[in-house]
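Notes to accompany the following structure.
The values are calculated or read from the model by the stated rules, or taken from the named source; none is laboratory data. Model, not experiment: these values are computed from the prediction. Cβ coordinates were reconstructed from backbone atoms using ideal geometry, including for glycine residues, and neighbour counts include every protein chain displayed. For the accessible areas, the whole protein counts, side chains as well, though only heavy atoms, and no ligand, DNA or RNA atoms are used. Shrake-Rupley method; radii C 1.70, N 1.55, O 1.52, S 1.80 Å.
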Amino acid sequence: MKRIGLISDTHGTFDEALREFLRDVDEIWHAGDIGSVETADEIAAFKPLRAVWGNIDGGVMRRIYNEFAVFDCEGVRVVMTHIGGYPRHYAPRAVQKIQTLRPKLFIAGHSHILKVIYDNVYDLLHINPGAAGQYGFHRMRTAIRFEIDGADIRNMEIWELPR
């Protein structure tokens with residue numbers, strides 16, 4: 001079993017409130033718009049980090065991280081990107097990855113809107129953790145933590161903090 005902390009759109013923020021929510025996870029997955037190499041390094045020093053670049057992440061970040069991360073966690077195939085959309089509204093490049101790789105978990109950020117939606121067309125769970133950072137139009141900072149145990153994704157918890 002792995003305990004996952006899922007964040008996106010930190011835009012350079014990794015403060016004590018967010019650390020406290022992520023304290024007991026095994027890994028942190030970041031769905032883009034990290035903000036800087038320093039922020040990524042700070043997160044990675046706290047917990048093992050898997051990340052993708054987002055639209056605000058520039059040249060160095062795009063050399064360190066990929067647009068899509070594809071990996072297996074326990075028994076679950078995961079595809080993560082920043083601009084991916086959501087069920088019935090996926091970005092074209094995301095649809096291509098979903099159709100080819102057939103993940104059970106598709107993660108995207110970018111919208112600053114937390115969403116957890118089961119997609120019965122592609123038989124996957126879509127998660128967008130919203131925005132954990134201070135910058136953007138969102139009023140609540142959000143993040144998600146959950147467990148993956150074999151093929152089961154369970155015990156999902158949502159963190160909310162007014163900006």
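Quick notes on this structure:
- Those lysines that a straight Cα-Cα span of less than 25 Å connects to residue 97, excepting residues fewer than 8 apart in one chain: 2, 115
- Burial order of peptide ranges 111-119, 10-18, 148-156 (average beta-carbon count within 10 Å, highest first): 10-18, 111-119, 148-156
- In region 95-137, the ratio of gyration radius to Kirkwood radius, Rg to Rh, stands at 1.06 when only Cα atoms are counted.
- Dipole moment magnitude, nearest 20 debye, the chain about Cα centre, only Lys, Arg, Asp, Glu C-beta charged: 500
- Cross-link partners of residue 47 among aspartates and glutamates (Cα-Cα below 17 Å; sequence separation of 8 or more within a chain): 15, 16, 20, 24, 26, 27, 38, 147
- For Cα Rg over 2.2 N^0.38 Å, the value calculated from this model appears in [x] 0.94; [y] 1.90; [z] 1.57 under label [x].
- Placing unit charges on the Cβ atoms of the charged side chains and taking the dipole of the chain about its Cα centre, the candidate lying farthest along the positive direction among 99, 140, 113 is 99.
- Accessible surface of the chain [probe 1.4 Å, protein heavy atoms]: carbon and sulfur percent: 49
- Here the gap between residue 117 and residue 1, fully extended at 0.36 nm per residue and compared with their Cα-Cα distance, gives a gain of 39.5 nm.
- Annotation: per residue accessible area for region 59-163 equals 52 Å², rounded to a whole number [probe 1.4 Å, protein chains only].
- Mean-square fluctuations from a GNM of the chain, with a 10 angstrom spring cutoff on Cα atoms, peak among 48, 103, 129 at 48.
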